[in-house]
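Worksheet for the structure shown next.
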Amino acid sequence: MAMAASLFNGSHTIVVHGTQEDNGDRERQWHHKDQTFSVGGSVGGNDFEGDKNVLSNVEWKERVYNCKFRQEKSDLVRKDGGNDDQRLEDDLLNHWRNVPISSSKLIPYRLVIVLWLVFLAFFFRFRILTPAYDAYVLWITSVICEIWFAFSWMLEQFAKWNPINRKTYLERLSIRFDREGEPNMLSPVDVYVTTVDTAKEPPLITANTVLSILAVDYPVDKICCYVSDDGASMLHFDVLSETAEFARRWVPFCKKQNIEPRAPEFYFSKKIDDLKEKVQPNFVKERSGMKELPRLVYVSREKRPGYEHQKKAGAMNTLVRVSAVLTNAPFMLNLDCEHYINNSKAVREAMCFLMDPQLGKKLCYVQFPQSFDGIDHHDRYANRNFVFFDINMRGLVGIQGPLYVGTGCVFNRQALYGYDQPGSEKRLKTTCDCWPSWRFCGCRHGSKKSKKHGVRSLLGELYPKKKKMMERNHIRNGSTPMSDFSEVEEGFECYDELEKSSFKSQKKFEKRFGQSLFFMASTLLEYGGLPEGTNSQKLVREAIDVISCVYEEKTEWGKDIGWIYGSVTEDTLTGLKMHSRGWKSVGVLYAREACFQGVCSYKFVRSVAPSSEVAYCTVPTVCPLTGKFIVPTLNTYASIWVMGLFLSIITTAIVELRWSNVSIKDWWRNEQFWIIGGVSAHLFAVFQGLLKVLAGVDTTFRVTSKAAKDAEFRELYLFKWTSLLIPPTTLIILNMVGVVAGVSGAI
Ligand SMILES: O=c1ccn([C@@H]2O[C@H](COP(=O)(O)OP(=O)(O)O[C@H]3O[C@H](CO)[C@@H](O)[C@H](O)[C@H]3O)[C@@H](O)[C@H]2O)c(=O)[nH]1
Ligand SMILES: [Mn+2]
């Protein structure tokens, strides 16, 4: 099995790939500008000089609380006449704040929900106590459906009980971490882009996304873009290398002219006259900007017959490991290939939360809403999804945080490694069984003899390094809490005892993360960065190791850590897994220019809900047809409950639209698709699910085609037959017949 890594294009690009069964030729050489670059695992050494910055990352925290902050505060206090000390302190500490939704909108909302519950209780009492004996089966069916509706409605409604808006302060983030003329303290971020099929995902789309990432408004040495190519296609590879070349001109241009968005195709398609109102840029800045480029890494993971490659989730886990070895940024941004960065400050938005001294530690991710270009004017297919993002997700902010929806999401690396949230009770347990013991003693026991040296040097350095960093902090500011420091000392005292269990602990680590000692060591660096004494050759060799398809065998990847396998909605599953470990998430859901923008793909599959809609669309129409009614003639009381129920449901929707500012039209589209989806796609999904559970037949992840052009909108209005349409069509016919029968019966 041949593997290769090559450096191309000067030093800002790296290629890491395993051999694909279907292309053996790629790893050998690569032509660019009449030059052939050989592929012997070389990498631009100076690129990794940034490590020192990466490691000193821990300093940002310290800095927040210290000199700078005090000075800022006292400056402000002086300006303000020193009045509201506490308020100022709070203000300065926060890069974000909650913007409460006005109680004139929220109180009626909650009242209506409570009212609904009361009506519901009486309604069910009536429903269950008065069975329709002459239509018993229909009655039972409809009652079961109603109970299910009420239950799911209750779950949904209570998740929205406490919706919250938030506001970020990018300037404060800059004041704190990004001062001119001083070393930048913003946290590094690894960016992941996945792509697979050149036919469905034109490489130009990926190229645009990559350019928008490279041009993002963030320190260049703190951004590293990883592109996973699951198609192992020469075309992707070539386009990407051209992209890297083009970036040399494009990125400085974007930064100099401060244009948005920074994906070229979408920038030029805006047709804005940018020549107006341009300011003369600072010459020095411009010149230095010309040579500054973030790194770009191309990864094509190994695939072999007999090994399940796990689609996107597999690609993501590969990227997690490669990036851990090469850059190990504490945070990572995940973008599908068609989702480019529309607002170059997007990463900073996320950092307002992730670098927050209090909230940041508890966060597993920051999710941005999905927003799309090229949605037809009437949004025929409810693709804008405002109801989901502006109502449901915003409601979830008030609980543990919004769901992960697969793209436009910035993660905390530690949360993906399966650790419990530091504040939660479970964390202590995890820490006790494997963390400290291995941290201090693991260096003495390499599992493989051949690797023993590497282990020792790697892990051996980890401890002194951590200690050194802490000492530095300690000296620089007497106020640093002692706890961390004494924890280290304690670790040393019980060294002997820990040593005994160290071998066991390391085995545990291996079972969890796989065999790469380098990777294991990287997981211990809570603030990211690379251990000292590594060189680029070693790193690339290690990177190739961790993308091998056997790497995940007998590990927890995809089960307990990283992206979770076995579902077509691996995103939701992955997010919930972290939530279940106590981590919180945040949504950047407030109205502002979309941070990420996708090329619209018309695909309609989402959650799999039992399709009680089908039964409920059928039952009422069967009644007039058969002359048997599920609801006996209503008495006065019962009709009050039924009316009340309907009215309160309608009112809830209205008040919901008021606090969320979603338009009636968007809401109506959503309702339409709830029904259409419920009786078609969801219904089929239920069958697929059953097939999988009962017969082990697996569902497939079909890649969505991203090549939609304006001219193709017409197609959206064309009628195309698919078997998915059978159930809704049948239902429509049944209902029409039912109405006719009902009306004629009444006449
Ligand atoms: O074998 C594969 C298959 C897909 N992908 C990538 O996965 C991403 C998502 O695939 P896509 O076909 O665009 O799925 P969508 O339905 O448009 O995506 C939504 O829904 C998916 C399933 O819930 C999530 O994985 C996505 O992130 C989310 O954007 C794309 O970048 C693909 O290139 C791979 O890398 N390898
Ligand atoms: Mn997609």
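The values are calculated or read from the model by the stated rules, or taken from the named source; none is laboratory data. Not measured: the values here are computed from a predicted model. Because the Cβ atoms are built from the backbone with ideal geometry, glycine has one as well, and the counts that use them run over all protein chains shown. What goes into the accessible areas is simple: the full protein's heavy atoms, side chains included, and nothing from ligands, DNA or RNA. Shrake-Rupley method; radii C 1.70, N 1.55, O 1.52, S 1.80 Å.
For the stretch 123-137, no residue has its backbone nitrogen under 14 Å from a point 7 Å from the Cα of ALA746, taken along Cα to Cβ.
Figure note: MET393, MET185, MET736 ranked by solvent-accessible area, largest first, 1.4 Å probe, ligands and nucleic acids not counted: MET736, MET185, MET393. Pair-distance distribution of the stretch 225-265: all C-alpha pairs, bin width 5 Å, starting at 0; shares per bin in whole percent are 6, 20, 25, 21, 15, 9, 5, 0.
The peptide list 666-674, 536-544, put in order of mean Cβ contacts within 10 Å with the highest first, becomes 536-544, 666-674.
With r defined as the distance between the Cβ atoms of LYS511 and GLN537 and R0 fixed at 35 Å, what FRET efficiency is calculated, to the nearest 0.05? Please report the intermediate quantities before stating the final value.
Working: r = 29 Å, r/R0 = 0.82.
Plugging the Cβ-Cβ distance into 1/(1 + (r/R0)^6) gives 0.75.
In the stretch 326-428, Rg over Rh equals 1.01, where Rg is the alpha-carbon radius of gyration and Rh the Kirkwood radius from pairwise Cα distances. Between LYS256 and PHE687, the modelled labels are 6.0 nm apart [label points 7 Å from Cα along Cα→Cβ].
Once both labels are positioned 7 Å from their Cα atoms along Cα-to-Cβ, the gap between THR198 and ARG110 label points is 5.8 nm.
Calculated FRET efficiency, TRP721 to ARG380, Cβ-Cβ distance, R0 = 22 Å: about 0.80 to the nearest 0.05.
Packing here is the average count of other Cβ atoms within 10 Å per residue, and on that basis the peptides 322-330, 164-172, 563-571, 382-390, highest first, run 322-330, 382-390, 563-571, 164-172. Estimated from the Cβ-Cβ distance and a Förster radius of 35 angstrom, the FRET efficiency linking ILE175 and SER103 is about 0.60.
When nucleic acids and ligands are ignored and a 1.4 Å probe is applied, LEU683 ends up with an accessible area of around 30 Å². Globularity index of the stretch 175-221 is 1.60 (Cα radius of gyration / 2.2 N^0.38 Å, N = number of residues). Counting only Cβ charges, +1 for Lys and Arg and -1 for Asp and Glu, the dipole size of the stretch 146-263 around its Cα centre is about 600 debye. Per residue, the stretch 107-165 exposes 54 Å² of solvent-accessible protein surface, assessed with a 1.4 angstrom probe and all protein chains in place.
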